[in-house]
Amino acid sequence: MASIYDTAGLEALRVRNAVQPHRMKLFRNALFKKARGWDEALETLPENARTDFADTLRFESLELAERHDSEIDGASKLIFKTTDGHLIESVILRPKTGRTSLCISSQIGCACYCSFCATGKMGFTRNLTSDEILDQVTQASRLVKPEGRSIRNVVFMGMGEPLLNLAHLFEALEFLRAAPLFNYAGSRLMVSTVGIPQAMARFTEQHPEVQLALSLHSARQEVREKLMPQARTYTLDRLREELLNASQNGKVMIEYLMLAGVNDGEEDLLALEDYLRDIPVHINIIPFNEYAGCNLRGTPKAEMTGFSNRLKAAGFQTTLRYSLGADIAAACGQLVQHKKGF
Ligand code: SF4
(Lines give C-alpha, C1' and ligand atoms only; values in the text may rest on other atoms or scores of the structure.)
Protein backbone atom coordinates (compact mmCIF):
# COMPACT_ATOMS: atom_id res chain seq x y z
CA MET A 1 0.00 0.00 0.00
CA ALA A 2 1.18 3.52 -0.74
CA SER A 3 0.80 6.24 1.83
CA ILE A 4 -1.02 9.47 0.97
CA TYR A 5 2.24 11.20 1.97
CA ASP A 6 4.20 9.29 -0.71
CA THR A 7 4.20 11.81 -3.55
CA ALA A 8 5.91 9.42 -6.02
CA GLY A 9 3.37 6.71 -5.19
CA LEU A 10 0.49 9.15 -5.70
CA GLU A 11 1.87 10.18 -9.07
CA ALA A 12 2.22 6.53 -10.16
CA LEU A 13 -1.38 5.95 -9.16
CA ARG A 14 -2.48 9.02 -11.10
CA VAL A 15 -0.70 7.82 -14.24
CA ARG A 16 -2.06 4.26 -13.88
CA ASN A 17 -5.62 5.58 -13.74
CA ALA A 18 -5.10 8.34 -16.35
CA VAL A 19 -6.31 10.97 -13.91
CA GLN A 20 -5.85 14.49 -15.27
CA PRO A 21 -3.43 16.69 -13.24
CA HIS A 22 -6.18 19.18 -12.35
CA ARG A 23 -8.31 16.37 -10.84
CA MET A 24 -5.28 15.20 -8.86
CA LYS A 25 -4.85 18.73 -7.59
CA LEU A 26 -8.45 18.72 -6.35
CA PHE A 27 -7.78 15.41 -4.57
CA ARG A 28 -4.61 16.73 -2.88
CA ASN A 29 -6.31 19.99 -1.94
CA ALA A 30 -9.21 18.10 -0.37
CA LEU A 31 -6.84 16.00 1.76
CA PHE A 32 -4.21 18.51 2.81
CA LYS A 33 -5.54 22.05 2.39
CA LYS A 34 -9.25 21.59 3.02
CA ALA A 35 -8.97 18.89 5.70
CA ARG A 36 -11.72 16.76 4.17
CA GLY A 37 -12.18 13.10 5.05
CA TRP A 38 -10.68 10.56 2.65
CA ASP A 39 -14.14 9.46 1.38
CA GLU A 40 -14.91 13.06 0.40
CA ALA A 41 -11.47 13.44 -1.16
CA LEU A 42 -12.06 10.34 -3.30
CA GLU A 43 -15.18 11.99 -4.74
CA THR A 44 -13.00 14.64 -6.36
CA LEU A 45 -11.51 11.92 -8.61
CA PRO A 46 -13.09 10.51 -11.79
CA GLU A 47 -15.44 7.67 -10.86
CA ASN A 48 -13.40 4.99 -12.64
CA ALA A 49 -10.28 5.83 -10.55
CA ARG A 50 -11.86 5.84 -7.10
CA THR A 51 -11.76 2.11 -6.36
CA ASP A 52 -8.09 1.77 -7.29
CA PHE A 53 -7.18 4.81 -5.18
CA ALA A 54 -9.24 3.55 -2.22
CA ASP A 55 -7.70 0.06 -2.43
CA THR A 56 -4.11 1.21 -2.99
CA LEU A 57 -3.73 4.14 -0.63
CA ARG A 58 -3.18 4.04 3.11
CA PHE A 59 -5.02 7.14 4.30
CA GLU A 60 -4.08 6.98 7.97
CA SER A 61 -0.85 5.96 9.67
CA LEU A 62 -2.16 6.56 13.19
CA GLU A 63 -5.34 5.62 15.01
CA LEU A 64 -6.90 8.28 17.22
CA ALA A 65 -7.20 6.34 20.50
CA GLU A 66 -8.38 9.09 22.86
CA ARG A 67 -9.24 12.74 22.99
CA HIS A 68 -9.18 14.84 26.17
CA ASP A 69 -10.64 18.35 26.06
CA SER A 70 -9.67 20.93 28.67
CA GLU A 71 -12.57 22.48 30.53
CA ILE A 72 -10.64 25.63 31.31
CA ASP A 73 -8.86 26.87 28.23
CA GLY A 74 -9.77 25.06 25.01
CA ALA A 75 -6.74 22.79 24.73
CA SER A 76 -7.31 19.25 23.45
CA LYS A 77 -4.89 16.43 23.95
CA LEU A 78 -4.99 13.70 21.28
CA ILE A 79 -3.57 10.27 22.02
CA PHE A 80 -2.66 8.39 18.85
CA LYS A 81 -1.81 4.71 18.58
CA THR A 82 0.83 3.64 16.06
CA THR A 83 0.38 0.46 14.00
CA ASP A 84 2.92 -1.29 16.27
CA GLY A 85 0.88 -0.41 19.35
CA HIS A 86 2.70 2.60 20.85
CA LEU A 87 1.03 5.76 22.13
CA ILE A 88 2.04 9.27 21.17
CA GLU A 89 0.53 12.66 21.92
CA SER A 90 -0.43 15.79 20.03
CA VAL A 91 -2.02 18.87 21.58
CA ILE A 92 -4.40 21.30 19.90
CA LEU A 93 -4.11 24.77 21.45
CA ARG A 94 -6.90 27.30 21.00
CA PRO A 95 -5.58 30.47 22.65
CA LYS A 96 -7.84 33.50 22.96
CA THR A 97 -6.10 35.11 19.97
CA GLY A 98 -8.04 32.60 17.87
CA ARG A 99 -4.91 31.25 16.21
CA THR A 100 -5.16 27.51 16.53
CA SER A 101 -1.83 25.73 16.98
CA LEU A 102 -0.88 22.10 17.00
CA CYS A 103 1.97 20.67 19.03
CA ILE A 104 3.19 17.38 17.54
CA SER A 105 5.51 14.53 18.51
CA SER A 106 8.58 13.42 16.58
CA GLN A 107 9.61 10.29 18.51
CA ILE A 108 8.08 7.60 20.69
CA GLY A 109 9.65 8.43 24.05
CA CYS A 110 12.93 10.30 24.12
CA ALA A 111 16.59 9.58 24.78
CA CYS A 112 17.37 13.01 26.25
CA TYR A 113 16.06 12.38 29.79
CA CYS A 114 15.42 16.01 30.75
CA SER A 115 14.62 15.94 34.46
CA PHE A 116 11.46 18.11 34.20
CA CYS A 117 9.90 16.14 31.32
CA ALA A 118 7.44 13.26 31.56
CA THR A 119 8.51 11.92 28.15
CA GLY A 120 12.10 11.87 29.35
CA LYS A 121 11.11 9.35 32.03
CA MET A 122 9.83 6.83 29.45
CA GLY A 123 13.11 6.13 27.67
CA PHE A 124 13.38 5.95 23.91
CA THR A 125 11.43 3.49 21.75
CA ARG A 126 11.83 4.67 18.15
CA ASN A 127 11.68 7.58 15.76
CA LEU A 128 8.35 8.43 14.22
CA THR A 129 8.23 8.11 10.43
CA SER A 130 7.43 11.19 8.37
CA ASP A 131 4.00 9.63 7.67
CA GLU A 132 3.32 9.42 11.41
CA ILE A 133 4.50 13.00 11.93
CA LEU A 134 2.32 14.29 9.09
CA ASP A 135 -0.72 12.23 10.07
CA GLN A 136 -0.92 14.15 13.36
CA VAL A 137 -1.41 17.33 11.31
CA THR A 138 -3.94 15.79 8.92
CA GLN A 139 -6.09 14.27 11.65
CA ALA A 140 -5.98 17.34 13.92
CA SER A 141 -6.92 19.55 10.95
CA ARG A 142 -10.00 17.39 10.35
CA LEU A 143 -10.95 17.51 14.03
CA VAL A 144 -10.95 21.32 14.23
CA LYS A 145 -12.62 21.87 10.83
CA PRO A 146 -16.21 21.52 12.16
CA GLU A 147 -15.37 24.33 14.64
CA GLY A 148 -14.60 26.63 11.68
CA ARG A 149 -10.92 26.47 12.59
CA SER A 150 -7.78 25.40 10.80
CA ILE A 151 -4.36 24.59 12.20
CA ARG A 152 -2.48 27.83 11.74
CA ASN A 153 0.82 26.91 13.39
CA VAL A 154 2.53 23.57 13.78
CA VAL A 155 5.17 23.26 16.49
CA PHE A 156 7.47 20.29 17.05
CA MET A 157 7.37 20.45 20.85
CA GLY A 158 5.65 17.19 21.71
CA MET A 159 7.28 13.88 22.57
CA GLY A 160 10.86 13.45 21.41
CA GLU A 161 13.81 15.51 20.26
CA PRO A 162 13.10 16.36 16.60
CA LEU A 163 16.74 17.05 15.74
CA LEU A 164 17.57 13.43 16.69
CA ASN A 165 15.13 12.31 13.98
CA LEU A 166 16.51 14.59 11.32
CA ALA A 167 15.75 12.60 8.14
CA HIS A 168 12.06 12.17 8.93
CA LEU A 169 11.80 15.70 10.31
CA PHE A 170 13.16 17.11 7.04
CA GLU A 171 10.79 14.93 4.95
CA ALA A 172 7.85 16.11 7.03
CA LEU A 173 8.89 19.78 6.81
CA GLU A 174 9.23 19.53 3.03
CA PHE A 175 5.73 18.05 2.78
CA LEU A 176 4.27 20.69 5.11
CA ARG A 177 5.97 23.49 3.15
CA ALA A 178 5.19 22.26 -0.39
CA ALA A 179 2.73 24.55 -2.17
CA PRO A 180 0.69 21.72 -3.79
CA LEU A 181 0.41 19.94 -0.41
CA PHE A 182 -0.07 21.65 3.00
CA ASN A 183 1.54 24.92 1.85
CA TYR A 184 2.62 26.15 5.29
CA ALA A 185 4.79 29.27 5.39
CA GLY A 186 8.04 28.65 7.25
CA SER A 187 7.03 31.27 9.82
CA ARG A 188 4.11 29.03 10.83
CA LEU A 189 6.32 26.05 11.58
CA MET A 190 8.58 25.80 14.60
CA VAL A 191 11.04 23.12 15.63
CA SER A 192 12.14 23.02 19.24
CA THR A 193 15.40 21.42 20.35
CA VAL A 194 17.35 20.86 23.55
CA GLY A 195 20.37 21.93 21.53
CA ILE A 196 22.19 19.42 19.31
CA PRO A 197 24.74 21.73 17.64
CA GLN A 198 25.63 19.76 14.50
CA ALA A 199 21.92 19.08 13.80
CA MET A 200 21.09 22.74 14.45
CA ALA A 201 23.67 23.66 11.80
CA ARG A 202 22.08 21.30 9.24
CA PHE A 203 18.61 22.52 10.12
CA THR A 204 19.68 26.17 9.76
CA GLU A 205 21.22 25.42 6.39
CA GLN A 206 18.40 23.31 4.94
CA HIS A 207 15.34 25.01 6.44
CA PRO A 208 16.34 28.64 7.00
CA GLU A 209 12.73 29.77 6.72
CA VAL A 210 11.42 27.49 9.50
CA GLN A 211 11.56 28.87 13.04
CA LEU A 212 13.93 27.34 15.54
CA ALA A 213 13.35 27.27 19.28
CA LEU A 214 16.06 26.39 21.78
CA SER A 215 14.99 24.91 25.12
CA LEU A 216 17.58 26.75 27.15
CA HIS A 217 16.07 26.69 30.67
CA SER A 218 19.32 27.88 32.22
CA ALA A 219 22.34 29.90 31.11
CA ARG A 220 24.42 28.42 33.95
CA GLN A 221 26.33 25.34 32.80
CA GLU A 222 26.08 23.46 36.11
CA VAL A 223 22.32 24.08 36.43
CA ARG A 224 21.63 23.17 32.82
CA GLU A 225 23.56 19.90 33.20
CA LYS A 226 21.33 18.93 36.11
CA LEU A 227 18.18 19.69 34.14
CA MET A 228 19.28 18.33 30.78
CA PRO A 229 21.91 15.57 30.54
CA GLN A 230 22.59 16.51 26.88
CA ALA A 231 24.13 19.73 28.22
CA ARG A 232 27.15 17.76 29.45
CA THR A 233 28.06 16.97 25.86
CA TYR A 234 26.78 20.15 24.22
CA THR A 235 27.98 23.00 26.39
CA LEU A 236 26.51 26.47 26.54
CA ASP A 237 29.60 27.88 24.79
CA ARG A 238 29.15 25.49 21.85
CA LEU A 239 25.41 26.21 21.69
CA ARG A 240 26.02 29.94 21.60
CA GLU A 241 27.96 29.54 18.35
CA GLU A 242 24.99 27.77 16.78
CA LEU A 243 22.57 30.33 18.17
CA LEU A 244 24.53 33.09 16.46
CA ASN A 245 24.56 31.08 13.24
CA ALA A 246 20.81 30.31 13.38
CA SER A 247 19.88 33.88 14.25
CA GLN A 248 21.19 35.04 10.88
CA ASN A 249 17.91 33.66 9.48
CA GLY A 250 15.80 35.60 11.97
CA LYS A 251 15.07 35.59 15.65
CA VAL A 252 15.53 32.32 17.50
CA MET A 253 12.96 31.49 20.16
CA ILE A 254 14.42 30.81 23.58
CA GLU A 255 12.27 28.60 25.81
CA TYR A 256 12.79 29.13 29.53
CA LEU A 257 10.79 26.94 31.91
CA MET A 258 10.55 28.56 35.35
CA LEU A 259 11.44 26.14 38.15
CA ALA A 260 11.25 27.31 41.74
CA GLY A 261 14.65 27.54 43.41
CA VAL A 262 16.38 26.00 40.39
CA ASN A 263 16.71 28.60 37.63
CA ASP A 264 14.66 31.58 38.79
CA GLY A 265 17.09 33.53 41.01
CA GLU A 266 19.10 36.71 40.52
CA GLU A 267 22.19 34.79 39.47
CA ASP A 268 20.12 32.94 36.85
CA LEU A 269 18.67 36.14 35.47
CA LEU A 270 22.06 37.83 35.13
CA ALA A 271 23.56 34.74 33.50
CA LEU A 272 20.68 34.63 31.01
CA GLU A 273 21.06 38.30 30.10
CA ASP A 274 24.78 37.88 29.69
CA TYR A 275 24.45 34.71 27.59
CA LEU A 276 21.91 36.13 25.15
CA ARG A 277 23.42 39.61 24.86
CA ASP A 278 23.74 40.69 21.21
CA ILE A 279 21.87 37.64 19.83
CA PRO A 280 18.51 38.35 18.16
CA VAL A 281 16.17 36.20 20.22
CA HIS A 282 12.63 36.15 21.54
CA ILE A 283 12.46 34.75 25.06
CA ASN A 284 9.41 32.74 26.11
CA ILE A 285 9.02 32.45 29.88
CA ILE A 286 7.03 29.27 30.48
CA PRO A 287 5.22 28.10 33.62
CA PHE A 288 5.88 24.54 34.71
CA ASN A 289 2.96 22.05 34.72
CA GLU A 290 3.65 20.07 37.90
CA TYR A 291 2.89 16.34 37.77
CA ALA A 292 3.05 13.30 40.02
CA GLY A 293 6.43 11.60 40.02
CA CYS A 294 8.39 14.80 39.46
CA ASN A 295 9.60 16.73 42.49
CA LEU A 296 10.26 19.99 40.64
CA ARG A 297 7.95 22.90 41.37
CA GLY A 298 6.93 25.85 39.24
CA THR A 299 7.95 29.40 40.11
CA PRO A 300 5.03 31.40 41.56
CA LYS A 301 3.33 33.68 39.05
CA ALA A 302 4.38 36.98 40.67
CA GLU A 303 8.05 35.97 40.55
CA MET A 304 7.70 34.84 36.94
CA THR A 305 6.26 38.22 36.05
CA GLY A 306 9.14 39.96 37.83
CA PHE A 307 11.72 37.81 35.98
CA SER A 308 10.04 38.52 32.67
CA ASN A 309 9.85 42.28 33.34
CA ARG A 310 13.53 42.42 34.21
CA LEU A 311 14.38 40.78 30.86
CA LYS A 312 12.18 43.29 29.05
CA ALA A 313 13.83 46.16 30.90
CA ALA A 314 17.20 44.79 29.81
CA GLY A 315 16.03 45.10 26.19
CA PHE A 316 15.02 41.49 25.44
CA GLN A 317 11.82 40.76 23.55
CA THR A 318 10.10 38.57 26.12
CA THR A 319 6.71 36.89 26.39
CA LEU A 320 5.29 35.43 29.57
CA ARG A 321 3.36 32.36 28.42
CA TYR A 322 0.29 30.94 30.06
CA SER A 323 -0.01 27.28 30.77
CA LEU A 324 -2.68 25.69 28.60
CA GLY A 325 -4.34 22.37 29.29
CA ALA A 326 -3.20 21.99 32.92
CA ASP A 327 -6.34 19.89 33.65
CA ILE A 328 -5.62 17.41 30.83
CA ALA A 329 -1.89 16.96 31.51
CA ALA A 330 -1.10 18.75 28.28
CA ALA A 331 2.64 19.12 28.86
CA CYS A 332 4.80 16.83 26.80
CA GLY A 333 4.37 13.13 27.60
CA GLN A 334 2.29 13.51 30.76
CA LEU A 335 -0.81 11.66 29.66
CA VAL A 336 0.94 8.79 27.89
CA GLN A 337 3.27 8.45 30.86
CA HIS A 338 0.26 8.24 33.15
CA LYS A 339 -1.37 5.60 30.92
CA LYS A 340 1.77 3.49 30.85
CA GLY A 341 1.95 3.61 34.64
CA PHE A 342 5.34 5.28 34.94
S1 SF4 B 1 12.03 17.96 27.00
FE2 SF4 B 1 12.07 17.22 24.88
S3 SF4 B 1 14.20 16.54 24.62
FE4 SF4 B 1 13.89 16.70 26.84
S5 SF4 B 1 13.25 14.60 27.46
FE6 SF4 B 1 11.40 15.80 27.02
S7 SF4 B 1 10.90 15.30 24.91
FE8 SF4 B 1 13.03 14.75 25.23
With G195, G160 as the choices, which residue is touching a helix residue (DSSP H, G or I) at 6+ places or on another chain (Cβ under 9 Å) and closer than 21 Å to I88 by Cβ? G160
Exactly one of (1) among the small types (G, A, S); (2) within 14 Å of the chain's Cα centre (by Cα); (3) surrounded by 23 or more Cβ atoms within 10 Å (Cβ to Cβ) is unmet by G120. Its number? (2)
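In segment 278-311, how many residues are assigned to a helix (DSSP H, G or I) and closer than 19 Å to S215 by Cα? Steps first, please.
First, the residues of segment 278-311 that are assigned to a helix (DSSP H, G or I): 301-311.
With closer than 19 Å to S215 by Cα added as a condition, the list becomes 304, 307-308, 311.
Here the count works out to 4.
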Checked segment 47-75 for anything open to solvent by less than 30 Å² (accessible area, probe 1.4 Å) and more than 30 Å from the chain's Cα centre (by Cα); matches are A49, F53
Which pairs do you get when a residue that is loosely packed, with under 14 Cβ neighbours inside 10 Å, found in segment 174-188, comes within reach of a residue that is in a loop (DSSP other than H, G, I, E, B), reach meaning Cβ atoms under 9 angstrom, with the pair 6+ apart or on two chains? A185/E209; S187/E209; S187/V210; S187/G250
In this structure, is T129 of a type in the set (S, T, N, Q), open to solvent by 20 Å² or more (accessible area, probe 1.4 Å) and farther than 19 Å from S192 by Cα? no
Pairs, first on the phi < 0 side of the Ramachandran plot and in the same structural domain as I286 (by TED's automatic domain parsing) in segment 297-321, second among the basic types (K, R) and surrounded by 13 or more Cβ atoms within 10 Å (Cβ to Cβ), C-beta under 8 Å, six or more apart: Q317/K251; T318/K312
Mind listing whichever residues of segment 223-254 are within 16 Å of the ligand (Cβ to nearest atom) and open to solvent by less than 10 Å² (accessible area, probe 1.4 Å)? R224, L227, M228, A231, L239, I254
How many of the residues in segment 83-100 are open to solvent by less than 20 Å² (accessible area, probe 1.4 Å) and either at positive phi or not acidic (D, E) (or both)? 5
Unique match (being basic (K, R), assigned to a helix (DSSP H, G or I) and farther than 29 Å from F170 by Cα) among R28, R50: R50
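The values are calculated or read from the model by the stated rules, or taken from the named source; none is laboratory data. These numbers come from a predicted model, not from an experiment. All Cβ positions, even for glycine, are placed from backbone atoms using ideal geometry, and neighbour counts span all protein chains on display. For accessibility, only protein heavy atoms count, side chains too; no ligands or nucleic acids. Shrake-Rupley method; radii C 1.70, N 1.55, O 1.52, S 1.80 Å.
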